[in-house]
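What follows is a short report on a single structure.
The values are calculated or read from the model by the stated rules, or taken from the named source; none is laboratory data. Keep in mind that this is a model prediction, so the values were computed, not measured. Here the Cβ positions follow ideal geometry from the backbone for every residue, glycine too, while neighbour counts run over all protein chains shown. In case anyone asks, the SASA skips ligands and DNA or RNA and just uses the protein heavy atoms, side chains included. Shrake-Rupley method; radii C 1.70, N 1.55, O 1.52, S 1.80 Å.
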Amino acid sequence: MPKRKRPKRLRAPALSDPNEELRAAIALHQGGKLAQAERAYQKMIARDAQHAVAHHLLGRLLYQTNRQTAAVESLNRALAARSEYAEALLDLSNMLSDMGQLDQAERCLQQLVELCPEDALAFNNLGVVFKDQTRYQSAIEAYQRALELEPRNPDTLCNLAHTHALVEALDQAVDVYRQAIAVDPAHVGAHSGLASLLRRLSRHEEARDVLAAWLRIDADNPVPQHLLSAYDNDSIPHRASDAYVRQVFDQFATTFEADLGRLEYRGPEMIQQALAREYGESRAAYRVLDGGCGTGLCGPVLRGLSRRLVGVDLSSNMLQLARQRSLYDKLVEAELGSYLADNLAQFDLIVCADTFGYFGDLTELFSLAYRALRDQGRLVATVELGDVAEQPGYQLHASGRYSHHRDYIVGCCTKAGFTIRDQSEEIMRREAEQGVRAMVLTASA
């Protein structure tokens, strides 16, 4: 994921020798005494409304304490007091980018590169904004300019590689990721990006080598641990660890829906069709659980059937985006199996869209879902299909996801006590120009 760079330390960039009052305010800010620092900045501004540095640093503090609108206003005051204030422009562009106001962020960065045409950081950040606007060629040109100014910056190299991959220039992307690793052999993002890209290219031996190198430099990271296990059939875990799922989805929450769009993901549509087959035009008010709700893509599908709609997910970042939809009565950060175990006979309907792909052994999950349903409750789930019929009936792929044989899914479901009411096979998404098959399963308790 492209990185937008920020100053690493809080400082007063416009003053080579800030006065004692400003130094004291910065010390409070750096020391985490935010309320005191805020009062100190405000005191300076009350005496001098044109104190650009105080407005700037107050803006940083306001953003740090989740007062985004006030932070942007404070940065604008800093720039009104001093129009050619490079670091205020940089911070304001970062804030606007984070808030999704990409056109405004671009204008700030265009001002910044005019003001500081030799600033590699400004061109890198402009590239990130162009990428977020899907202006990929402009992003590539901005990154290349940043690298002319700072050729050995591994973050910018990774940003360039990522954007090459977005335009399907995959061999170029591989080369640039390798350049980043050559510059910084311990760069986690370069290893992660390169491993993912090599998997897409079916260069699995190379991907395995990169994952092993990544694990050597980042031994406690659950991502390379899990992905490497896909290459060892004798040690496939029964499910992805909580740490793996949380880290992956926290990292990609902001780009998750765009990524699924590129994959032509149909999970919510498939769930909607299954519910229509099961319930027809019914608008009954059910107690519904969206298990592995993510950003809430199934929320619009489920709301109309729900008296109470609960979403559960391990990723706090995904839940934050789901919350913005204002569709759920409750959102819970928890592992799905643990949540089901703690909520016996609570739901009329449990929906799991593309959630079972992070579980290999489905025996316990089906059993927990059965016990969490009320009498005659329904489970509706999509489960990625695989061709491995022999034991254990599932396989872990290099993507980190599991697929399951149809007979295995049916066996686990009926063993848990369910009666299968409906099953179909559909293309759920596309990967490497191939359709990924999934079973859409409806079962009653």
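Residues in segment 398-445 that are among the aliphatic types (A, V, I, L, M), within 24 Å of L194 (Cβ to Cβ) and assigned to a strand (DSSP E or B): V436 only.
Close contacts from segment 412-429, counting a first residue that is aromatic (F, W, Y) and a second that is open to solvent by 30 Å² or more (accessible area, probe 1.4 Å), with Cβ to Cβ under 8 Å and a gap of 6+ residues or different chains, come to F418/Y370.
Scoring L309 on the criteria (1) closer than 23 Å to T419 by Cα; (2) more than 17 Å from the chain's Cα centre (by Cα); (3) at pLDDT 95 or above leaves a single failure, condition (1). Residue pairs whose Cβ atoms lie under 8 Å apart, separated by 6 or more positions or on different chains, with the first residue in segment 320-338 and under 24 Å from E364 (Cβ atoms) and the second open to solvent by 60 Å² or more (accessible area, probe 1.4 Å) and acidic (D, E), are G337/E364. Exactly one residue among S399, S403 is under 25 Å from the mean Cα position of the chain (by Cα), closer than 16 Å to A230 by Cβ and at pLDDT 95 or above, and that residue is S403. Within segment 216-237, the set of residues being under 24 Å from the mean Cα position of the chain (by Cα) and open to solvent by 50 Å² or more (accessible area, probe 1.4 Å) comprises I217, A219, D220, Q225. Would it be correct to say that R277 is modelled with pLDDT of 85 or more and exposed (fewer than 15 other Cβ atoms within 10 Å of the Cβ)? For R277, the condition - modelled with pLDDT of 85 or more and exposed (fewer than 15 other Cβ atoms within 10 Å of the Cβ) - is met. Selection over segment 379-394 of residues that are of a type outside the set (F, W, Y), under 11 Å from L362 (Cβ atoms) and open to solvent by 10 Å² or more (accessible area, probe 1.4 Å) gives a count of 1.
Table: residues versus (1) farther than 20 Å from A88 by Cβ; (2) open to solvent by less than 60 Å² (accessible area, probe 1.4 Å); (3) not acidic (D, E).
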| residue | (1), (2), (3) |
| --- | --- |
| V113 | no, yes, yes |
| E118 | no, no, no |
| Q133 | yes, yes, yes |
| L147 | yes, yes, yes |
| D184 | yes, yes, no |
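The criterion of being open to solvent by less than 30 Å² (accessible area, probe 1.4 Å), in a helix (DSSP H, G or I) and aliphatic (A, V, I, L, M) does not hold for V288.
Scanning segment 261-285 for residues that are touching a strand residue (DSSP E or B) at 6+ places or on another chain (Cβ under 7 Å) and farther than 16 Å from A381 by Cβ yields a count of 3.
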